[in-house]
Amino acid sequence: MTDPFGFLRIPRKAVPARPVEERLGDWREVYAGQALLPLVSEQADRCMDCGIPFCHTGCPLGNLIPEWNAYAAHGDWRAAYERLHATNNFPEFTGRLCPAPCEDACVLTINADPVTIKNVEQTIADEGRRRGYQAPRPPERRSGRAVAVIGSGPAGLAAAQQLTRAGHRVVVHERADRIGGLLRYGIPEFKMEKVHLDRRIEQMRAEGTAFVTGCDIGGEVGAAELRHGYDAVVVAVGAGERRELAVPGRELRGIHQAMDYLTCANRVREGDFAVSPVTAEGSHVVIVGGGDTGSDCLGTALRQGALSVVQLDINPEPGPGRADGEPWPVYPKVYRISHAHEEARGREGSDPRIFSCATLHFEGDGAGRVRALRLTAVEPMARRPLGGSERVLPAGLVLLALGFSGPERAGGLREQLGLELDERGNYARDAAFAAAGGRTPGVFVAGDAGRGQSLVVWAIAEGRSAAAAVDRHLTGSTALPAAVAAHDRPMTALGRLRYGDG
């Protein structure tokens with residue numbers, strides 16, 4: 001166990017990020033090259049090994065946090081790595097990308113600072129990989145059954161790895177030219193270098209998972225024909241239907257969806273472009289949307305050399321502490337600063353966000369290109385414009401980070417597989433992830449396609465649980481763990497953290 005008095009004698013100390021000026025000069029991760037082990041082992045010793053570990057309730061994967069904290073505290077990295085992977089296929093992803101609701105559910109949070117769980121998780125994953133523990137785990141025997149996974153984001157990859165290890169032949173079909181989904185093209189390099197994704201794909205190939213890229217199921221490749229060639233299909237295409245901003249001037253050049261912008265930036269890092277076709281260099285940038293994707297755009301624009309960057313959020317500025325309606329251990333909506341916000345502060349000297357505001361219209365320069373954005377303050381919660389509060393921001397590049405409203409409507413995937421939509425615009429399914437309606441048996445839905453926009457930790461949990469449901473469907477029973485049911489919900493609405501609305 002950990003030191004029973006560690007939480008009393010050791011103050012919380014997060015792993016320090018690299019200096020802002022250094023980070024803005026490259027695309028490496030904010031923690032790249034940091035010496036983590038001594039600090040992380042000491043911080044893990046703060047874990048109280050609670051009789052009821054509420055950190056489990058904050059994590060949909062059910063990560064065995066007190067167990068791997070204890071191993072990390074004693075420097076037993078192999079045991080810590082094994083316990084970490086008992087519930088999570090890709091802890092190096094979640095250790096970098098998850099907002100760590102487990103920390104807000106830590107018992108220490110009642111009257112002190114929580115354990116740095118996210119730092120410990122990332123360090124265990126990275127140290128285990130460095131020591132050679134990330135070896136392929138091919139199945140001992142094959143089932144003779146075949147499963148197609150549509151989509152290679154975190155849900156699809158988790159489902160594929162679990163089903164391959166259960167002995168099934170698994171083929172992952174990806175529409176893009178590379179595997180990874182949002183992990184590949186939506187997450188900036190400074191948040192997660194793609195080498196971590198590439199290593200996992202190599203591991204999965206060595207285990208027997210096959211990958212097909214440039215494969216548009218429901219478009220160029222018929223979904224019904226695909227279904228006939230496999231014993232089961234897992235639909236993990238994400239929630240890609242982008243929300244729009246229907247205001248005058250939207251048609252002007254220089255206004256882009258955030259995901260298009262981030263994809264271009266990531267393609268530069270992949271070597272597809274020498275210079276991004278959509279760049280912030282030399283422009284005044286306005287990001288519409290206060291969520292995490294907006295923050296990703298902010299960090300990207302700063303590295304591209306934007307003249308200025310402003311992020312708009314229709315929501316009121318959160319307070320520094322929990323509201324009365326958000327008691328421990330729920331994940332509270334409080335004022336948070338991302339690494340990109342920290343970078344903007346370091347460069348500009350102030351927070352780049354404007355809260356409680358809404359866009360009225362865009363103004364053009366006479367040549368069809370955006371030159372300004374007119375906004376207004378809005379009443380908190382009611383979101384009604386406040387008279388006399390209008391102002392104009394210069395804008396040579398506008399990025400819409402407004403979130404998503406379910407899986408993409410275009411294409412024939414839904415019709416060809418007989419998928420139905422639920423009241424939220426997602427693919428309907430039962431509690432065991434089977435597509436609702438029963439029109440095409442053997443089809444399962446996992447991740448954001450069925451849940452709606454959410455967090456990477458939920459996607460992995462859904463992929464693992466859907467894999468267990470598929471394995472049970474194919475064999476009559478399963479030994480695969482199922483962390484969540486399809487209709488489970490977090491303790492608070494976490495979806496806005498990833499994409500935001502504004």
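The values are calculated or read from the model by the stated rules, or taken from the named source; none is laboratory data. Owing to the predicted nature of the structure, the values given are computational and were not obtained by experimental measurement. Quick reminder, even Gly has a Cβ in these numbers, built from the backbone with ideal geometry, and neighbours come from all protein chains shown. Surface accessibility is based on the protein's heavy atoms, side chains included, excluding ligands, DNA and RNA. Shrake-Rupley method; radii C 1.70, N 1.55, O 1.52, S 1.80 Å.
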field: Tabulated pairs, the stretch 136-157, first over 21 Å from R184 (Cα atoms), second among the hydroxyl-bearing types (S, T, Y) and not in a helix (DSSP H, G or I), C-beta under 9 angstrom, 6+ apart or interchain
entry: R145/Y230; A146/Y230; V147/Y230
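Among the strands (runs of 3 or more DSSP E) lying completely within the stretch 188-281, list those that include at least 1 residues that are in contact with a Phe, Trp or Tyr (Cβ under 7 Å, 6 or more places away or on another chain).
Working: elements: 210-212, 232-235, 255-257.
In the stretch 188-281, the matching strands (runs of 3 or more DSSP E) lie at 232-235, 255-257.
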message: Quick check on N111: is it modelled with pLDDT of 95 or more and not β-branched (V, I, T)?
response: no
- request: Residue by residue through the stretch 341-385, note down the ones that are more than 15 Å from G289 (Cα to Cα) and of a type in the set (A, V, I, L, M).
  value: A344, A367, V370, A372, M381, A382
message: I'm trying to understand the selection: among the residues of the stretch 433-459, which are closer than 14 Å to L163 by Cβ and within 20 Å of the chain's Cα centre (by Cα)?
response: A446
message: Go through (1) open to solvent by 40 Å² or more (accessible area, probe 1.4 Å); (2) within 30 Å of C215 (Cα to Cα); (3) out of contact with any strand residue (DSSP E or B) (no Cβ under 7 Å at 6 or more places or on another chain) for L421 and report which single condition fails.
response: (3)
- line: Residues of the stretch 78-91 being in a helix (DSSP H, G or I) and open to solvent by 10 Å² or more (accessible area, probe 1.4 Å), in sequence order, are R78, A79, Y81, E82, R83, H85
message: Go through (1) of a type in the set (A, V, I, L, M, F, W, C); (2) farther than 21 Å from A224 by Cβ; (3) not in a loop (DSSP other than H, G, I, E, B) for A432 and report which single condition fails.
response: (3)
field: Every residue from the stretch 343-397 that is open to solvent by 60 Å² or more (accessible area, probe 1.4 Å) and part of a strand (DSSP E or B)
entry: R369, R371, R374, P385, R391, V392, P394
- prompt: Quick one: would you say P329 is open to solvent by less than 70 Å² (accessible area, probe 1.4 Å), at pLDDT below 95 and not hydrophobic (A, V, I, L, M, F, W, C)?
  reply: yes
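Go over the candidates T109, T94, T116 one by one and state the one that is touching an Asp or Glu at 6+ places or on another chain (Cβ under 9 Å), among the polar types (S, T, N, Q) and closer than 21 Å to S465 by Cβ. Step through it out loud before you land on a result.
Numbers: T109 fails: closer than 21 Å to S465 by Cβ; T116 fails: closer than 21 Å to S465 by Cβ.
Result: T94 is the single residue among T109, T94, T116 that is touching an Asp or Glu at 6+ places or on another chain (Cβ under 9 Å), among the polar types (S, T, N, Q) and closer than 21 Å to S465 by Cβ.
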- prompt: Out of the stretch 438-479, which residues are assigned to a loop (DSSP other than H, G, I, E, B), surrounded by 19 or more Cβ atoms within 10 Å (Cβ to Cβ) and out of contact with any strand residue (DSSP E or B) (no Cβ under 6 Å at 6 or more places or on another chain)?
  reply: G447, G452, S454, L455
- request: Can you confirm whether the stretch 181-204 contains a residue that is modelled with pLDDT of 95 or more, over 30 Å from R18 (Cβ atoms), over 18 Å from the mean Cα position of the chain (by Cα) and crowded, with 19+ Cβ neighbours inside 10 Å?
  value: yes
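Condition check ((1) open to solvent by 30 Å² or more (accessible area, probe 1.4 Å); (2) over 30 Å from G305 (Cβ atoms); (3) part of a loop (DSSP other than H, G, I, E, B); (4) of a type outside the set (S, T, N, Q)) across all residues:
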site: K13; (1), (2), (3), (4): yes, yes, yes, yes
site: R18; (1), (2), (3), (4): no, no, yes, yes
site: S41; (1), (2), (3), (4): no, yes, no, no
site: C47; (1), (2), (3), (4): no, yes, yes, yes
site: P60; (1), (2), (3), (4): no, yes, yes, yes
site: W68; (1), (2), (3), (4): no, yes, no, yes
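When the residues of the stretch 233-250 are narrowed to those that are of a type in the set (A, V, I, L, M, F, W, C) and either surrounded by fewer than 23 Cβ atoms within 10 Å (Cβ to Cβ) or free of Cβ contacts under 8 Å to residues at least 12 places away in the same chain (or both), which ends up nearest to A468 (Cα to Cα)? Even if it seems obvious, please write down each step before you answer.
Filtering the stretch 233-250 for residues of a type in the set (A, V, I, L, M, F, W, C) gives 233-237, 239, 245-247.
Then keep just the ones that are either surrounded by fewer than 23 Cβ atoms within 10 Å (Cβ to Cβ) or free of Cβ contacts under 8 Å to residues at least 12 places away in the same chain (or both); that gives 245-247.
On the way: L245: 39, A246: 42, V247: 45 Å.
The residue in question is L245.
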query: Is it the case that the stretch 109-129 has a residue that's buried (at least 19 other Cβ atoms within 10 Å of the Cβ), in contact with a Phe, Trp or Tyr (Cβ under 9 Å, 6 or more places away or on another chain) and outside any helix (DSSP H, G or I)?
result: yes
